[in-house]
Amino acid sequence: MKVIITKDYQQLSAVTAEVITKQIKQNTPSVLGLATGSTPIGAYKLLCQACKEGELSFGKVSTVNLDEYVGLPSSHNQSYAYFMRKHLFDKVDIDQSNTHIPNGMAQNLQEECASYSKLAESLGVDLQLLGLGSNGHIGFNEPGASQDSSTHVVTLAQSTILDNSRLFDDISQVPTRAITMGIADILRAKKILLIASGKNKAQAVLDMVSGPVDSSCPASFLQLHPDVTVVLDQDANSLLNY
Ligand code: F6R
């Protein structure tokens, strides 16, 4: 794993946007694997700005998102489909028919998972962007996740529900299940870029980079991938101490 330490969230966002921009400019067409959550918002903002200024185009980009809550329609303001439109898709020149997010409202969730896994594999992700859960999750692969998992329905860990409750009026409104790409889906990407910011990620960062490869920290499976870059701010690096 290549680890880059940045001085703060602003610099972390700039480095992230730079890596994504390089991917888009050097490889046409590009398939991006994307994450939601607070961490990538700064980078998405910079990418939208670059597009607005005519320095970057998403015209030849396709995207595959990692996950979506079960039971939230895409119109719900906490769905990941809504998040992606708000923070990226509605502000860049992407053809929205080339954007993909699991359908958490599907009648048959098993079928949805199987077809999403196949779709991601057939598109072939060039660069996968990941955030990191404070419990070491990637996507919504919670502790205990298996290395060979494909897209599946997961019951969210209590710590994830608690972390994400900041975005809902009340913790009782946080969905308890989600569809997530599995560890095997994630590891299939050609390149992986994981970003983490804040003290609450420091233990998970330490376990991911220097702990054993073990399902107790699903992000540690990234040690098995040949091309992973981890970008941290000082707080996220506070226990790893690179
Ligand atoms: C979101 C996702 C999650 C988040 C993680 C960190 O699509 O896959 O794994 O990346 O929970 O979330 P933030 O960035 O809000 O701390």
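Odds and ends about this structure:
- From Leu129, Leu123, residue being of a type in the set (A, V, I, L, M), over 16 Å from Gly104 (Cβ atoms), within 14 Å of the ligand (Cβ to nearest atom) and in contact (Cβ under 8 Å) with a residue 40 or more places away in the chain: Leu129
- Yes/no for Ala196 being within 14 Å of the ligand (Cβ to nearest atom), closer than 19 Å to Tyr9 by Cβ and of a type outside the set (Val, Ile, Thr): yes
- Some residue of region 141-164 being surrounded by 13 or more Cβ atoms within 10 Å (Cβ to Cβ), under 26 Å from Cys51 (Cβ atoms), at pLDDT 95 or above and within 16 Å of the ligand (Cβ to nearest atom): no
- Of all residues assigned to region 184-193, none qualifies as being small (Gly, Ala, Ser), under 14 Å from Ile138 (Cα atoms) and within 12 Å of the ligand (Cβ to nearest atom).
- Breaking point among (1) outside any helix (DSSP H, G or I); (2) away from the ligand (no atom under 16 Å from the Cβ), for Leu32: (2)
- Any hit, region 171-178, residues being within 12 Å of the ligand (Cβ to nearest atom) and within 18 Å of Gln128 (Cβ to Cβ): yes
- Any chance Glu111 is in contact (Cβ under 8 Å) with a residue 60 or more places away in the chain, over 23 Å from Val213 (Cα atoms) and surrounded by fewer than 20 Cβ atoms within 10 Å (Cβ to Cβ): no
- Within region 58-81, the set of residues being part of a loop (DSSP other than H, G, I, E, B), away from the ligand (no atom under 11 Å from the Cβ) and touching a helix residue (DSSP H, G or I) at 6+ places or on another chain (Cβ under 9 Å) comprises Phe58, Lys60, Val70, Leu72, Pro73, Ser74, Ser75, His76, Asn77, Gln78.
- Test result for Pro102, part of a loop (DSSP other than H, G, I, E, B), more than 26 Å from Ala184 (Cβ to Cβ) and either touching a residue at least 40 places away in the same chain (Cβ under 8 Å) or out of contact with any strand residue (DSSP E or B) (no Cβ under 8 Å at 6 or more places or on another chain) (or both): no
- Checking each residue of region 40-57 against the condition of being assigned to a helix (DSSP H, G or I), in contact with a His (Cβ under 7 Å, 6 or more places away or on another chain) and surrounded by 19 or more Cβ atoms within 10 Å (Cβ to Cβ) gives at least one match.
- For region 138-172, the set of residues classified as part of a helix (DSSP H, G or I) and touching a residue at least 24 places away in the same chain (Cβ under 8 Å) consists of Ser159, Thr160, Asp163, Leu167, listed by residue number.
The values are calculated or read from the model by the stated rules, or taken from the named source; none is laboratory data. Only a predicted model underlies this, so the values are computations on that prediction, with no experimental measurement involved. Cβ sites come from the backbone with ideal geometry, for glycine too, and all protein chains shown count toward neighbours.
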